[in-house]
Amino acid sequence: MTLLPGLLFLTWLHACLAHQDPFLRGHPHTHGTPRCYSAEELPLGQAPPHLLARGAKWGQALPVALVSSLEAAGHRRRHDRPSAATQCPVLRPEEVLEADTHQRSISPWRYRVDTDEDRYPQKLAFAECLCRGCIDPRTGRETAALNSVRLLQSLLVLRRRPCSGSGLPTPGAFAFHTEFIRVPVGCTCVLPRSV
């Protein structure tokens, strides 16, 4: 329920940009073309302030909110011990009682940080299923009776693309376009499609 206001705003933002709202485009005389920025105006990794000033709440979306903690955990893991295996784990209830949902699930997953320099937000947490099957709660071991599949969430992002004036690319200039992408946020168990 806490994500609802942010998702509603992002949907509104997408609709406004699609209808060429001059305030959101940042250029009152665009007539259907998005505003172009130079690298000096808008350094890599930043989005136009007028798009962010209207209350876009990317930080409330799970794929964005997890990035800082994943990066901190990854930094600690590199210095403390080798990274954990990505194979399907054996579920031992006594070891996971206090663990996070993604570790207690019978379709466990891990997160990785996906980076795309032409997207805002540039970094998103993507879930990766650790098992092809699911873990049998009685044995704690993987079974092929069920399949692990990713759960996908639609997320509105800004895509950075080269500008073109009169059909020709403008060297070094770029504009932002809205785009919905499907982000894996977790895994669940399903019946196999075939026996």
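The values are calculated or read from the model by the stated rules, or taken from the named source; none is laboratory data. Keep in mind it's a predicted model, so treat the numbers as computed, not measured. Neighbour counts run over all protein chains shown; Cβ positions are idealised from the backbone, glycine included. Areas reflect the complete protein model, heavy atoms only, side chains present, ligands, DNA and RNA absent. Shrake-Rupley method; radii C 1.70, N 1.55, O 1.52, S 1.80 Å.
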Check whether at least one residue in the stretch 56-74 is of a type in the set (D, E, K, R), modelled with pLDDT of 80 or more, assigned to a helix (DSSP H, G or I) and out of contact with any Ser or Thr (no Cβ under 8 Å at 6 or more places or on another chain), and report yes or no.
-> yes
Using the structure shown, decide if VAL90 is at pLDDT 85 or above and open to solvent by 50 Å² or more (accessible area, probe 1.4 Å).
-> yes
Find all pairs meeting these conditions: Cβ atoms under 8 angstrom apart; at least six residues apart or on different chains; first residue within the stretch 94-118 and open to solvent by less than 90 Å² (accessible area, probe 1.4 Å); second residue aromatic (Phe, Trp, Tyr).
-> HIS102/TRP109; HIS102/TYR111; TYR111/PHE126; ARG112/PHE126; VAL113/PHE126; ASP114/PHE126
Out of (1) crowded, with 18+ Cβ neighbours inside 10 Å; (2) over 22 Å from PRO43 (Cβ atoms); (3) not charged (D, E, K, R), the one LEU158 does not meet is (2)
Evaluate the stretch 120-137: report whether one residue or more is acidic (Asp, Glu) and surrounded by fewer than 19 Cβ atoms within 10 Å (Cβ to Cβ).
-> yes
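Within the stretch 108-187, which strands (runs of 3 or more DSSP E) (wholly inside it) include 3 or more residues that are modelled with pLDDT under 95 and either of a type in the set (Ser, Thr, Tyr) or under 24 Å from the mean Cα position of the chain (by Cα) (or both)? Explain how you work it out, then say what you get.
Details: elements: 109-115, 123-129, 147-165.
In the stretch 108-187, 147-165 are the strands (runs of 3 or more DSSP E) which contain 3 or more residues that are modelled with pLDDT under 95 and either of a type in the set (Ser, Thr, Tyr) or under 24 Å from the mean Cα position of the chain (by Cα) (or both).
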